[in-house]
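Visitor: Dumping the structure here so I can ask a few things about it.
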């Protein structure tokens, strides 16, 4: 079995650990470096994995290290982590949003690295993750990275790292767009007189059902939209209102803003490093 260390024991690390345990990895093959004692105790209690306060103990004897800290925490941990990673040709998998492969190589050394962007539905095994590898990653390591992330949901390899900020804007941030839509639908229905709990339940189930139709049917979303839109009916009236208010343009601007912000996050880390 492959031994895996997680640097950081937050929600995303927990979701990946849960997925690994469900797909055959044993708790004995997973270790976590987590500075908070309460979080270490919870990881042991919930998953049976060993957790340490330092990086060296967590990564000792492992083949894969999953970097699962927030980007703003990297300046604090990279020195100790670089020292812990020296001397081994481990695969590093980073789920740090907005952190480029060249930055990771500069801070942590010339290792095989996979940068990926999961999203929060990974917490329930329904995530969507984009992955990109550096030139040092072997085909076997690439397959291993995919197996680790597959436990959290759907995975797709991205050809160019420059597109990872778009992946972040689409699927990384996308759940928040969905929740905002459900909020808006709920509020609109309440204004029309529906009780709030009924409005929320109907909005959430409608979105769930529509999502399942899209993923399970394999049909184009435009075709599914056409099927539910009767000429001169209620759906057409709503869609015409969306179009008049510029839904497509609003969405394009939002995704562009999130993509741009993803690049800015990496630039901010570079500026922090500059003397």
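Visitor: Does any residue of the stretch 157-175 turn out to be outside any helix (DSSP H, G or I), under 18 Å from residue 119 (Cα atoms) and without any contact (Cβ under 8 Å) to a residue 60 or more places away in the chain?
Guide: Scanning the stretch 157-175 turns up at least one residue that is outside any helix (DSSP H, G or I), under 18 Å from residue 119 (Cα atoms) and without any contact (Cβ under 8 Å) to a residue 60 or more places away in the chain.
Visitor: May I pose another question? Could you tell me which of the residues 200, 196 is without any contact (Cβ under 8 Å) to a residue 40 or more places away in the chain, within 24 Å of residue 127 (Cβ to Cβ) and out of contact with any strand residue (DSSP E or B) (no Cβ under 7 Å at 6 or more places or on another chain)?
Guide: Going through 200, 196 in turn, the sole match is 200.
Visitor: Is at least one residue of the stretch 39-61 within 23 Å of the chain's Cα centre (by Cα), in a loop (DSSP other than H, G, I, E, B) and either farther than 24 Å from residue 269 by Cα or not assigned by TED's automatic domain parsing to the domain that holds residue 146 (or both)?
Guide: yes
Visitor: Here is a follow-up. When residue 177 is evaluated against the numbered criteria (1) farther than 24 Å from residue 61 by Cα; (2) crowded, with 18+ Cβ neighbours inside 10 Å, which criterion, by number, is the only one it fails?
Guide: Every listed condition holds for residue 177 apart from (2).
Visitor: For the stretch 133-163, enumerate the residues that are under 30 Å from residue 207 (Cα atoms) and touching a strand residue (DSSP E or B) at 6+ places or on another chain (Cβ under 6 Å).
Guide: Of everything in the stretch 133-163, those that are under 30 Å from residue 207 (Cα atoms) and touching a strand residue (DSSP E or B) at 6+ places or on another chain (Cβ under 6 Å) turn out to be 146, 149, 152, 153, 154, 155, 156, 157, 158.
Visitor: Here's another thing I want to ask about it. Kindly indicate whether any position in the stretch 29-38 is touching a strand residue (DSSP E or B) at 6+ places or on another chain (Cβ under 8 Å) and farther than 24 Å from residue 146 by Cβ.
Guide: Yes, there is a match, as at least one residue in the stretch 29-38 is touching a strand residue (DSSP E or B) at 6+ places or on another chain (Cβ under 8 Å) and farther than 24 Å from residue 146 by Cβ.
Visitor: Report the residue count in the stretch 1-29 for those that are free of Cβ contacts under 8 Å to residues at least 40 places away in the same chain, within 20 Å of residue 94 (Cα to Cα) and either surrounded by fewer than 19 Cβ atoms within 10 Å (Cβ to Cβ) or out of contact with any helix residue (DSSP H, G or I) (no Cβ under 6 Å at 6 or more places or on another chain) (or both).
Guide: The qualifying residues number 3.
Visitor: Yes or no: the stretch 99-120 includes at least one residue that is surrounded by fewer than 21 Cβ atoms within 10 Å (Cβ to Cβ) and closer than 21 Å to residue 23 by Cα.
Guide: The answer is yes; a qualifying residue exists.
Visitor: Condition first: closer than 24 Å to residue 6 by Cα and without any contact (Cβ under 8 Å) to a residue 60 or more places away in the chain. Can you find one or more residues in the stretch 177-184 that meet it?
Guide: no
Visitor: Buried (at least 17 other Cβ atoms within 10 Å of the Cβ), touching a residue at least 60 places away in the same chain (Cβ under 8 Å) and closer than 24 Å to residue 154 by Cβ - does that describe any residue in the stretch 41-55?
Guide: Within the stretch 41-55 (the criterion being buried (at least 17 other Cβ atoms within 10 Å of the Cβ), touching a residue at least 60 places away in the same chain (Cβ under 8 Å) and closer than 24 Å to residue 154 by Cβ), the answer is no, since none of the residues qualifies.
The values are calculated or read from the model by the stated rules, or taken from the named source; none is laboratory data. Values in this document were obtained by computation on a predicted structure and should not be read as measured data. Note that each Cβ is placed from the backbone with ideal geometry, even for glycine, and that neighbours are counted across all protein chains shown.
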